[in-house]
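As structure tokens, the structure follows; a few thoughts come after it.
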Amino acid sequence: MIPKYRKQFNEEFSPEKYNQLKASLKQKSGIEPAFRISESPLFLTKTFEKKLIDASERIIDQIKALPTETLQKAVPENCNVPNDTDHSHFFTIDFGICRSENGEIEPQLIELQAFPSLYAFQKTFENTFCEIYPFLSEIKNPMPNDQFISYLKEVIVGDENPENVILLEIFPEQQKTAIDFALTEKLLGIKTVCLTKVKKEGKNLYYEHNGNLIPIKRIYNRVIFDELDRIPDLKTEFNFREEVDVKWITHPNWFFKISKYLLPLLKHQFVPKSYFLHEFPGNEDLGNYVLKPLFSFAGSGVNLNPTREITDAIQDKENYILQRKVHYEPIFEDINGEFSKAEIRLLYIWRENDERPILLENLGRMTKAAMVNVDFNKKDAIWIGSSNVFFGED
């Protein structure tokens, strides 16, 4: 798509420039990326972008219209956190880049979530692509850098002193997204704190810095709550289920409320038909569907070829969905004449007094494997891994 930019990029590409791209990201963050960086950005047309944004807006309309009690049903009782909010502070939505029956390239919804993605990293990644390949600046995200930072700061830091705002994660140095934590710290002046290091006195939370206990007023939460119970012998002073005097950014309940749980409830031409497993109609062909656990993360537990034997053996069928398969179209040509498939994640923020979320940035993922996830790529392939999308005139 957009042959002009694909041709120019492929002509200018070299292994030296790829190494320069990775070195620049490491220099800016102080951390080696723990996931594969794709050699290439994605080039998509303004026509495709319009389809993408229109679909997202209609999905947002439908979510906004859902009753509070419908969303609340998504939150497992043992994961419910006090002091919920009216809406999430983040909204991300994943679309596969597919080909329709009439031959048009179109987006198809894959997942959506109210969980912060790689906001700081993706903006840095986009800027770095433009530094290495200056011609990309003419089609970069039109939002100025300072406006992006201002939006992110308003949502995460708010009116608090950055010293009293933390990015919360469990063993952050072990996470694949650690590069985003480091860039967020630089961008916003906040500290990344491990859950095991949080101190609690009454309803107040603290973290230690240079021998002093610093009060925590806002938590930029990066902990996947339902994963905590899977960590053996995890010792913490603070339990998510306790009522504490902090502002959650975003509140942990929204991780469940805006998730795969919503897929069977959404209707749109770019939303594949989905069912809760216990409601799957007997006249549908299971071979046309992908089996997904509701609250897994990063592709974990997804079965691309479920059978009746597999689905019948699942006890908690209400915690799984079957989503109609979509066929990613390999349209992103590499320097060897081979093609990659891809998906795009739209990164929104949702300010507290706004009626709707604001689109800040995007994230691309490229693959030559069956699943579009950086963990499922072959090690010797190129044009795979984490990327960024540039939209240009058709």
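Key figures for this structure:
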quantity	calculated
Criterion (of a type outside the set (Phe, Trp, Tyr) and at positive phi) met by exactly one of 245, 233, 229	233
Residue within the range 128-136 that is touching a helix residue (DSSP H, G or I) at 6+ places or on another chain (Cβ under 9 Å), without any contact (Cβ under 8 Å) to a residue 60 or more places away in the chain, of a type in the set (S, T, N, Q) and part of a helix (DSSP H, G or I) present	no
Residues within the range 369-381 that are assigned to a loop (DSSP other than H, G, I, E, B) and either under 20 Å from the mean Cα position of the chain (by Cα) or at pLDDT 95 or above (or both), tallied	6
Yes/no for residue 150 being among the small types (Gly, Ala, Ser), surrounded by fewer than 18 Cβ atoms within 10 Å (Cβ to Cβ) and over 30 Å from residue 17 (Cβ atoms)	yes
Test: residue in the range 77-99 that is in a strand (DSSP E or B), touching a residue at least 12 places away in the same chain (Cβ under 8 Å) and of a type in the set (Ser, Thr, Tyr)	yes
Residues (in contact (Cβ under 8 Å) with a residue 12 or more places away in the chain, under 15 Å from residue 329 (Cα atoms) and either among the charged types (D, E, K, R) or part of a loop (DSSP other than H, G, I, E, B) (or both)) located in the range 100-127	106
Test: residue in the range 170-193 that is in contact with a Lys or Arg (Cβ under 7 Å, 6 or more places away or on another chain) and of a type in the set (Val, Ile, Thr)	no
Residue satisfying all of: in the range 231-271; among the basic types (Lys, Arg) and more than 18 Å from the chain's Cα centre (by Cα); surrounded by the fewest Cβ atoms within 10 Å (Cβ to Cβ) among these	235
Residue tally, condition at pLDDT below 95, surrounded by fewer than 16 Cβ atoms within 10 Å (Cβ to Cβ) and either hydrophobic (A, V, I, L, M, F, W, C) or closer than 16 Å to residue 268 by Cβ (or both), over the range 62-100	1
Failed condition for residue 35, given (1) more than 23 Å from residue 240 (Cβ to Cβ); (2) surrounded by fewer than 21 Cβ atoms within 10 Å (Cβ to Cβ); (3) over 16 Å from the mean Cα position of the chain (by Cα)	(3)
The range 152-175, residues that are charged (D, E, K, R) and in a helix (DSSP H, G or I)	153, 154, 163, 173
Condition met for residue 344 (under 12 Å from the mean Cα position of the chain (by Cα) and either within 17 Å of residue 107 (Cβ to Cβ) or not assigned by TED's automatic domain parsing to the domain that holds residue 147 (or both))	yes
Residues (within 20 Å of the chain's Cα centre (by Cα) and either among the charged types (D, E, K, R) or not in a helix (DSSP H, G or I) (or both)) located in the range 40-60	40, 41, 42, 43, 44, 49, 51, 54, 57, 58
Elements of type strands (runs of 3 or more DSSP E) in the range 180-224, at least 3 residues being in the same structural domain as residue 128 (by TED's automatic domain parsing), surrounded by 14 or more Cβ atoms within 10 Å (Cβ to Cβ) and free of Cβ contacts under 8 Å to residues at least 40 places away in the same chain	191-194
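The values are calculated or read from the model by the stated rules, or taken from the named source; none is laboratory data. This structure is a prediction, so every number in the text was calculated from the model and none was measured. Methodologically, a virtual Cβ is constructed for each residue, glycine included, from the backbone with ideal geometry; neighbour enumeration extends over all protein chains shown.
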